[in-house]
Amino acid sequence: MKLSCCLYPGSFDPVTLGHMDIIRRAARIFDVVYVGVLCNPDKKGCFPIEKRVDMLKKACYDIPEVQVLSYNGLLARLTEEKEIPVVVRGVRGVSDLESESAMARINHHLNPNMDTFFLPASSGKEEISGSMVRQLAAFGADLSNFVPCEVLPDILAAFSKQ
Ligand code: COA
C-alpha cells in the first residue's frame, strides 16, 4: 500500500542525479509526488524557473507518480492550499540534517497539518549539488555522472551561450 501524496520541494537549479535519487524513491512510497520548484530568496538562481520545470518534466518522463509544478510563495502555504500532508527532503550528511531540521520545524509551525520526512542520499549521491554542476558546466566538464541524460543538452546549451 502506498501513501497518498507528498511534496518534494527545491530550487532544482538544475535537477541533478541526487534529486532524481530522492524523487524515484519517493515515487515508490507515494501515489503522487509533487515536485515543486520553489524560491530560495537567498539564492540568485541560474536557470529561469520555467526552464527548471521543463528540465524536471523531461527527467521525470518515466515516473507516472510525478507532477512538476512551480510556486512563488511559502512552502507551508503550498502544502495548505493543496492539502499535502508530507514534505520529502533529501539529506546528504550532518550539516544538511541540521539545516533541514530547522526548516522542518518552521514549516510545521506554519502548517501543523504537514510534516517533513527525510530520505538519506543514496551512496555516491552525497557529493552532488547544483552549484557543483553549474561550476563544472561553466568549465566544460563531463556532467554525465551528475545530471539526468535528458537535461544534458539544455545545460550544455545554456552554458555555451555564456
Ligand atoms: N542530492 C544532491 N544534491 C542535493 C540534494 C540531494 N538529495 N538535495 C539538495 N541538493 C542540493 C541542491 O542541488 C542545492 O545545491 P546548490 O545550493 O549548490 O544549488 C542544495 O543542495 C540545496 O538544495 P535545495 O533542495 O534546492 O534547497 P534550498 O535550500 O535551495 O531551497 C526550498 C529549499 C526552495 C525548499 C526553500 O528555500 C523553500 O521552502 N522556499 C520557499 C519559501 C519558504 O517557505 N521559506 C521558508 C522555509 S523555512
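The values are calculated or read from the model by the stated rules, or taken from the named source; none is laboratory data. Note that the structure is predicted; figures quoted are calculated from it, not measured. A quick note on method: Cβ atoms are made from the backbone with ideal geometry, for glycine too, and the neighbour counts reach across all protein chains shown. All accessible areas refer to the heavy atoms of the entire protein, side chains included, with ligands and DNA or RNA removed. Shrake-Rupley method; radii C 1.70, N 1.55, O 1.52, S 1.80 Å.
Heavy atoms only, probe 1.4 angstrom, no DNA, RNA or ligands counted: give me 139, 146 ranked by accessible area, highest first. Present the calculation step by step, with values, prior to reporting the outcome.
Working: 139 175, 146 55 Å².
The most accessible residue leads, giving 139, 146.
What are the residues whose amide H is under 5 Å from the amide H of residue 67, where those residues sit 5 or more places off or on another chain and H is modelled from the backbone?
Residues meeting the amide H criterion: 33, 34, 35.
Can you tell me the accessible area per residue over the stretch 1-140, all protein chains present, probe 1.4 angstrom, in square angstrom? Spell out each step's value before the answer.
Values: 7660 Å² over 140 residues.
For the stretch 1-140, the per-residue accessible area is 55 Å².
Which whole-number percent gives the relative contact order of the stretch 46-162, counting Cα pairs below 8 Å spaced six or more residues apart?
On the way: 88 pairs, mean separation 30.0, N = 117.
Relative contact order comes out at 26 percent.
Summing -39500 (n - 2.57) over the DSSP H runs of n ≥ 4 in the chain and dividing by its residue number, what mean residue ellipticity at 222 nm do you reach, to the nearest 500 deg cm²/dmol? It would help to have the intermediate numbers written out before the result.
Working: 6 runs with 66 residues, N = 162.
That calculation yields -12500 deg cm²/dmol at 222 nm.
Could you tell me the accessible area of residue 68 in Å² (1.4 Å probe, neighbours in place), rounded to the nearest ten?
In the full protein context, residue 68 sits at about 30 Å².
Under 17 Å Cα to Cα from residue 51, which aspartates and glutamates show up? Leave out anything in the same chain fewer than 8 places away.
Here the aspartates and glutamates satisfying the reach criterion relative to residue 51 are 13, 150, 154.
Under a Cβ-only charge scheme (Lys and Arg +1, Asp and Glu -1), can you give me the dipole magnitude of the chain about the Cα centre, in debye to the nearest 20? Before the final figure, lay out the partial values.
Working: 18 positive and 20 negative charges, 32 e Å.
Charge dipole of the chain: 160 debye, to the nearest 20.
Could you tell me which chymotrypsin sites (Phe, Trp or Tyr not before Pro) in the stretch 1-88 are loop residues by DSSP with no more than 14 other beta carbons within 10 angstrom of their beta carbon? Numbers along the way, then the final one.
Numbers: sites: 12, 30, 34, 61, 71; in loops: 12, 61.
Listed in order of number, the matching sites are 61.
If you split all Cα-Cα distances of the chain into 5 Å bins from zero, what percentages do you get per bin, shortest first?
Per 5 Å bin, starting at 0, the Cα pair percentages come out as 2, 9, 18, 22, 22, 16, 8, 3, 1, 0.
Provide the net charge surrounding residue 45, with neighbours chosen by a C-beta distance below 11 Å and charges set as Lys +1, Arg +1, Asp -1, Glu -1. Walk me through the numbers on the way to the answer.
On the way: positive: 43, 44, 51, 52, 134; negative: 13, 42.
My count for the surroundings of residue 45 gives +3.
Looking at the stretch 32-117, which GluC sites (Glu not before Pro) are DSSP coil and have at most 14 other C-beta atoms within 10 Å of their C-beta?
Working: sites: 50, 65, 80, 81, 83, 98, 100; in loops: 65, 83.
Filter output for the stretch 32-117: 83.
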